[in-house]
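S.K.: Have a look at this one.
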Amino acid sequence: MKGDLMKEFEPRILAFLCNWAGYAAYDLAGAKCLRLPPILEVRVMCTGRVDPSQLIEALLDGCDGVMLVGCRKGECRYENGNYYAERRIYWVRKALEHVGIRPERLHCNWIGADDEQAFKSAMEEFNAKVASLGRLGEADGVEKGELESRLKTLKEVFSGERMRWLAGKDLEMSGGTDVFGNQVSRDVFENEVMDIFRSEYERSRILVASGDAARSVAEIARMTAISSETVLREIIILKRQGKLFLEGIVEGAPQYRRVQLVNG
Amino acid sequence: MSQDLKIGVFICECSGEIGKRIRCAELASCAAGLEGVKEVQTHQAYCMPPGLDEIKKAVARQGLDRVVVAGCSPRTHETLFMRALSEANLNPYMLEVVNIRDHAANVAANEEAATRRASAMLKVGVARVGKLAPLENASVKPEKGVVVIGAGLAGLSAAKELVARGFKVLAVEKSDVAGGMLDRYYTMLPGPHKTEEFLRKMLVDLNKSPKVEFAFGAEVTSLTGGTGAYEVTVRDRGGEKKVSAGAVVVATGAEELLPEGLFGFNGRDVITQTGLESLLRSGLDPLIKSIAMIQCAGGRSERVPYCSRTCCMTAVKNALWIKEQRPFVEVSIIFRDLYAGGPIQERDIRMAAEKRTKFFRYEKNNPPAVEKEREGSVLPPLKVVVRDILTNTKKELACDLVVLSNPLVPRRDSAKLAEILGLPRDRHGFLIDHYARVKPSHFVERGVFVCGNVHFPLSPYECQVQAYGVASRIANLLLKEELKGSAFYSEVDESKCVACGLCEDTCSFGAIKVIQDERGKKARSSAVNCLGCGTCAAGCPMQAIGMRHFTDGQISSQIAAAVF
């Protein structure tokens, strides 16, 4: 059964491996000549290095699944890198779910550097999982252009300060209290974050829609399926933030375009 | 940009390990087609001297500026190739090692799959190497001075050792005298040495040296800079002054938890062990004929769940001292568990028993009770009622004095100090080692060390051992001409930073902190302290933090190239 699936569809999987556990276990698995499914790796010093926006970037570049392999909890070389990585992946998964992409496409594994069998089974399980999910987009029922714009929007959201801040504060908030010393229940926190995420997503969607060409409010509203009142309101905010500018007026409709930052 | 790249790809056959399983010629032709690749070679074993020479020669001949070695693990062989690159006058960080042996040759099902896999990996490696930048290791010339906070036994011992190793020491003491807790003990564990004499000798030794300076009535209010080059702000009555130091020793000790409300504690006839010590110093009242000591008075409870470690031995020590001076005074020790690790301690317990000290054992849920004898009675004024589980009998001990062995707890100001120094505390509030199990005397920041009771309750002997350990660690660190850090460390783009402080929370090593200075309030990273994990960079809300050698651009290029 698994063999058949593999023949039909070979998923493209990228693994971020931490130098001390994931990569070391891969080395060991190799030294022991274990059979491993084809997964390409990026070596980082710690899974904590993996930026949430880069997880989405990998999907945007055509990966069907992305996995993180790091040290076991409490064994992180840098003490808490994997805890932060887990929280980031948690929120990116939530976000993927929100935009109709199977969150299982992101996965994190915490294994020991000496546990090549665990590494092998993690690889195999994830490979089989993604193989059963199918090609990104197609299998999720999202058409190609739409998939790209959704992922681009997500990347925008996770490059923005609000979601990054919340994902970073999650560890502290979920175990402790807010700045006023009140205990925050997990549900309340999650709802708050998802509310913020939804508003960020909407705004980023407008930003992405105006990215490739100058567009009018009506055009953007049609493209994003957001009501034109909201689009207008958001455009005013974005303009004030210096992220959009008025390029010109065509047939009485103002055309807005995204300010492109030159990346140094 | 890509026109300027001169990448050399060296494919190692690993003496057949790779050569037999991967079609290296096919791999080489695939590599030759990649952007920026100027030279592709294969060799039997690049890790051997002839192979390394080949790399060096190729670098010189072709003027290569970046090298990809496709062979075995960077975890084992990276430093070897880095050295070769240095010898070829190339920055050693312009290297990427692609592990096609363990990650392709050995794990793929057949030659076809292995070759496909290896060439995909090579593509990622070449993409990454094109984005690499030459790096230098962070380095600092360490300051040869140390600030010791706390002039108790641990602090003084550390200072003594540091001075002996040639360092300048500033001892910052909150009170007006040196000695700390030593002051409160008449004799010192484990033997019958007088604390006063010991302390006096130590201070005389220290004062002889011109390298020691004391600041009394002073405290540390801030710590900036990094390992080897700290700037410590010390505030005393005269005002604040800034001291530069290579390292900081924290030896602020602990404090006693007074057994308020326990066993009728009143400070007169129900006193603490330190109270007894001061009675012993002034000479025990001759009217006192019998003394009962109650152990774990406040310790190993809900409030203080840990064992304070030294109180059992202090009780035994004091019992022995009393028995020696006044053989006819009755001493009873009422304990839950007698903590006495070590040969001297075992011997002391036996000696105390031989000198007719009585031992009774009680259970946690059935503690002894201290009762007052009624007025006008001829019996001694106090009565301790205890259920002794050694004999399973109820004992009533008439006594003139009840001594409570109370535990040591973290000082009230230790939280503030931990915050100033960026040190973690355990759930009780003691400052802790970084890796308590495997790396004693390693602390979060490479230049901040902790010793003595501030760490956890210790006997004087252990305090000194810790202090000496810390002193030798500091010598290890600061006697070097140059302190080397990693070449990959975080860098803050100050134009983007909004000083939110998330990076500071993220970093377990105090390497990145939000600091207010003349350039404004910004996160600043200490290159020497940074271990290069990059967790701060991936979390920065403003994306203001860059991680050298694992930059966003490098990782993105790898992601983009990762296609089979």
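S.K.: Give the span of segment A:164-264's Cα atoms along each principal axis, as three whole-Å numbers ordered largest to smallest.
M.R.: Answer, in whole Å and largest first: 55, 35, 20 Å.
S.K.: Per residue of segment B:183-198, in order, report the coupling 6.51 cos²θ - 1.76 cosθ + 1.60 (Karplus, θ = phi - 60°) as ³J(HN,Hα) in whole Hz, putting x for Gly and Pro.
M.R.: Per residue, the Karplus-derived 3J(HN,Hα) values read 3, 8, 10, 7, 10, 10, 4, x, x, x, 7, 7, 4, 4, 5, 4 Hz.
S.K.: Could you tell me the distance between the Cα centroids of segment A:160-231 and segment A:40-107, to the nearest Å?
M.R.: Cα centroid of segment A:160-231 versus Cα centroid of segment A:40-107: 19 Å apart.
S.K.: Other chains' Cβ within 10 Å of B:504-517 residues: what's the mean? All intermediate terms of the calculation are to be shown ahead of the outcome.
M.R.: Numbers: counts 0, 6, 10, 3, 5, 2, 0, 0, 0, 0, 0, 0, 0, 0.
Averaged over the peptide's residues, the number is 2.
S.K.: What is the list of residues in segment B:412-426 whose amide nitrogen lies under 18 Å from a point 7 angstrom out from the Cα of residue B:237, following Cα to Cβ?
M.R.: none
S.K.: Follow-up. How many Å³ per residue does the convex hull of the Cα positions in segment B:485-548 occupy?
M.R.: Working: hull volume 4.6 nm³, N = 64.
Measuring per residue, one finds 72 Å³ for the Cα hull of segment B:485-548.
S.K.: Net charge near residue B:97, counting Lys/Arg +1 and Asp/Glu -1 over other residues with Cβ under 12 Å of its Cβ?
M.R.: Taking every other residue near residue B:97 into account, the sum is 0.
S.K.: Quick one: which residues, 5+ away or cross-chain, put their amide H under 5 Å from the amide H of residue B:227? H built at 1.01 Å from N.
M.R.: Excluding prolines and chain starts, which carry no amide H, the hits are B:447, B:529.
S.K.: Where both residues lie in the protein assembly as shown, what percent of DSSP beta bridges are antiparallel, nearest 5?
M.R.: Details: 52 of 116 bridges.
Roughly 45 percent of the beta bridges in the protein assembly as shown run antiparallel, per DSSP.
S.K.: On to the next question. Need the list of lysines near residue A:73 for cross-linking: C-alpha distance under 30 angstrom, and skip anything on the same chain fewer than eight residues off.
M.R.: Straight-line reach from residue A:73, under 30 Å: A:32, A:94, A:120, A:129, A:155, A:169, B:416, B:439, B:484, B:513.
S.K.: Another question about this same structure. Residues with amide H under 5 Å of residue B:483's amide H, sequence separation 5 or more or different chain, H placed in the peptide plane at 1.01 Å from N; which?
M.R.: For residue B:483, whose amide H was placed from the backbone, the distant partners under 5 Å are B:140, B:141.
S.K.: OK, next. Please work out the Cα center distance from segment B:243-269 to segment B:77-112, rounded to the nearest Å.
M.R.: Measuring centre to centre over Cα atoms gives 56 Å.
S.K.: Just the number, please: Stokes-Einstein D of segment A:117-193 in µm²/s, Kirkwood Rh from C-alpha pairs, 20 °C, 1.002 mPa s.
M.R.: On the way: Rh = 15.9 Å.
Translational diffusion coefficient: 135 µm²/s.
S.K.: Please state the charge dipole magnitude for the protein assembly as shown, taken about the Cα centre, from unit charges on C-beta atoms (+1 on K and R, -1 on D and E), reported in debye and rounded to the nearest 20.
M.R.: Numbers: 112 positive and 106 negative charges, 283 e Å.
Its charge dipole is roughly 1360 debye.
S.K.: Please report the antiparallel percentage of DSSP beta bridges with both residues in chain B, rounded to the nearest 5. Each step should come with its number before you reach the end.
M.R.: Details: 44 of 92 bridges.
Once the DSSP bridges in chain B are tallied, antiparallel ones form about 50 percent.
S.K.: Given the options A:117, A:54, A:183, state which has the largest fluctuation in a GNM of chain A using a 10 Å cut-off (strictly under) for Cα springs.
M.R.: Highest fluctuation among the options: A:183.
S.K.: Another question about this same structure. Could you give the longest part of chain B that holds none of the GluC sites (Glu not before Pro) found in DSSP loops with at most 15 neighbouring Cβ atoms within 10 Å? Each step should come with its number before you reach the end.
M.R.: Working: sites that count: B:35, B:136, B:260, B:302, B:373, B:375, B:481, B:482, B:494, B:518.
After excluding every exposed loop site, the longest remaining stretch is B:137-259.
S.K.: Give me the one-decimal nm value for the distance between modelled label points at residue B:353 and residue B:378, 7 Å along each residue's Cα-to-Cβ direction.
M.R.: The two pseudo-label positions are separated by 3.5 nm.
S.K.: Taking 22 Å as R0, compute the FRET efficiency from the Cβ-Cβ separation of residue A:161 and residue A:185 and round it to 0.05. Working shown, then result.
M.R.: Working: r = 25 Å, r/R0 = 1.13.
Here the calculated transfer efficiency is 0.35.
S.K.: For the modelled label position 7 Å from the Cα of residue B:391 along Cα-to-Cβ, which residues of segment B:302-331 have backbone nitrogen atoms closer than 20 Å?
M.R.: B:328-331
S.K.: Give, in whole angstrom and from largest to smallest, the semi-axes √(5λ) of the equivalent ellipsoid of segment A:2-133, with λ running over the eigenvalues of the Cα gyration tensor. Intermediate results must be reported in sequence, preceding the final value.
M.R.: On the way: eigenvalues 92, 82, 23 Å².
Semi-axes (√(5λ), whole Å): 21, 20, 11.
S.K.: Next question. Counting other C-beta atoms within 10 Å, which of B:241, B:513 has the fewest, and how do the rest follow?
M.R.: By the 10 Å Cβ count, ascending: B:241, B:513.
S.K.: Sticking with this structure for a sec: Take every DSSP beta bridge whose two residues both sit in segment B:2-135, then give the antiparallel share in percent to the nearest 5.
M.R.: Working: 0 of 15 bridges.
The answer is about 0 percent antiparallel.
S.K.: Hey, what do the phi angles of segment B:308-324 turn into as Karplus ³J(HN,Hα) couplings, whole Hz, using 6.51/-1.76/1.60 and θ = phi - 60°, x for Gly and Pro?
M.R.: 7, 6, 9, 5, 4, 5, 5, 4, 5, 4, 5, 4, 4, 4, 5, 4, 6
S.K.: With springs connecting C-alpha atoms under 10 Å apart, model chain A as a Gaussian network and identify which of A:219, A:229, A:41 has the largest mean-square fluctuation.
M.R.: A:229
S.K.: Can you pull the three principal axis extents for the Cα set of segment B:133-284, in Å, largest first?
M.R.: Here the spans come out as 72, 36, 34 Å, largest first.
S.K.: Per-residue mean of other chain beta-carbon atoms within 10 angstrom of the beta-carbon, peptide B:97-104? Can you show the working numbers first?
M.R.: Values: counts 1, 2, 6, 1, 3, 10, 11, 3.
Mean partner-chain Cβ count within 10 Å for B:97-104: 5.
S.K.: Near the amide H of residue B:489, under 5 Å away, which other amide H atoms are found, from residues 5 or more places off or on another chain, if H is placed in the peptide plane?
M.R.: Those lying under 5 Å, H to H, from residue B:489 are B:548.
S.K.: Now a separate question. For segment B:283-348 and segment B:360-428, compute the distance between their C-alpha centroids and round to whole Å.
M.R.: What the calculation gives is 11 Å, centre to centre.
S.K.: Taking only the alpha-carbon atoms of chain A, what semi-axes of the equivalent ellipsoid follow from 5 times the gyration tensor eigenvalues under a square root, in whole Å, largest first? Show your work: numbers first, answer last.
M.R.: Working: eigenvalues 272, 111, 48 Å².
Here the semi-axes work out to 37, 24, 15 Å.
S.K.: With a bin width of 10 angstrom, please list the P(r) values of chain B as percents of all Cα-Cα pairs, from the 0 bin to the one holding the largest distance.
M.R.: Calculated P(r), rounded to whole percents: 3, 15, 19, 16, 14, 12, 10, 7, 3, 1, 0.
S.K.: Hey, fewest Cβ within 10 Å first, where do B:103, B:43 land in order?
M.R.: Ranking B:103, B:43 by Cβ neighbours within 10 Å, fewest first, gives B:43, B:103.
S.K.: Over all residues in A:160-171, what is the mean tally of Cβ atoms on other chains that come within 10 Å of each residue's Cβ? Walk me through the intermediate numbers first.
M.R.: Details: counts 3, 8, 1, 1, 7, 6, 1, 4, 11, 5, 0, 2.
Averaged over the peptide's residues, the number is 4.
S.K.: Another question, if that's okay. Report the one residue of B:298, B:266, B:342 whose Cα lies farthest in the direction of the positive end of the charge dipole of segment B:258-406 (charges on C-beta: Lys and Arg +1, Asp and Glu -1; origin at the Cα centre).
M.R.: B:342
S.K.: Related question: Tell me, in nm to one decimal, what length is gained between residue B:193 and residue B:111 on full extension, where the rule is 0.36 nm per residue of separation less the Cα-Cα distance? Present the calculation step by step, with values, prior to reporting the outcome.
M.R.: On the way: separation 82, 0.36 × 82 = 29.52 nm, distance 7.68 nm.
Result for the pair: 21.8 nm of gain on full extension.
S.K.: Using the Karplus curve 6.51 cos²θ - 1.76 cosθ + 1.60 with θ = phi - 60°, work out ³J(HN,Hα) for each residue of segment B:201-214 in order, rounded to whole Hz, and write x for Gly and Pro.
M.R.: Ordered by residue, 3J(HN,Hα) equals 4, 4, 5, 4, 4, 5, 5, 5, 7, x, 8, 9, 10, 10 Hz.
S.K.: Right, next: Mean shadow of segment A:211-264, computed from the convex hull of its alpha carbons, in nm²? Display every interim value, and only then the final one.
M.R.: Numbers: hull surface 15.9 nm².
Across all orientations, segment A:211-264 yields a mean hull projection of 4.0 nm².
S.K.: Additional query: R0 = 35 Å: FRET efficiency of residue B:427 with residue A:230, Cβ-based, nearest 0.05? Let's see the in-between values first.
M.R.: On the way: r = 48 Å, r/R0 = 1.38.
Between residue B:427 and residue A:230 the formula returns 0.15.
S.K.: For segment B:197-327, state the semi-axes of the equivalent ellipsoid (square roots of 5 times the eigenvalues of the alpha-carbon gyration tensor), sorted largest first and rounded to whole angstrom.
M.R.: Numbers: eigenvalues 307, 88, 40 Å².
Result for segment B:197-327: semi-axes of 39, 21, 14 Å.
S.K.: Can you compute the modelled spin-label distance between residue B:60 and residue B:363, with each label point 7 Å from Cα toward Cβ, in nm?
M.R.: Once both label points are built, they end up 8.4 nm from each other.
S.K.: With r defined as the distance between the Cβ atoms of residue B:135 and residue B:6 and R0 fixed at 25 Å, what FRET efficiency is calculated, to the nearest 0.05?
M.R.: Numbers: r = 18 Å, r/R0 = 0.73.
The formula returns an efficiency of 0.85 here.
S.K.: Let me ask something additional. Would you mind ranking A:102, B:326, A:43 so that the residue whose beta carbon has the fewest other beta carbons within 10 Å leads the list?
M.R.: On the way: A:102 18, B:326 15, A:43 25.
Fewest to most other Cβ atoms nearby, the residues stand as B:326, A:102, A:43.
FYI, it's all coordinate maths here, none of it is from the lab. These figures come from a predicted structure and were not determined experimentally. Note that we place each Cβ from the backbone using ideal geometry, even for glycine, and neighbour counts take in every protein chain shown.
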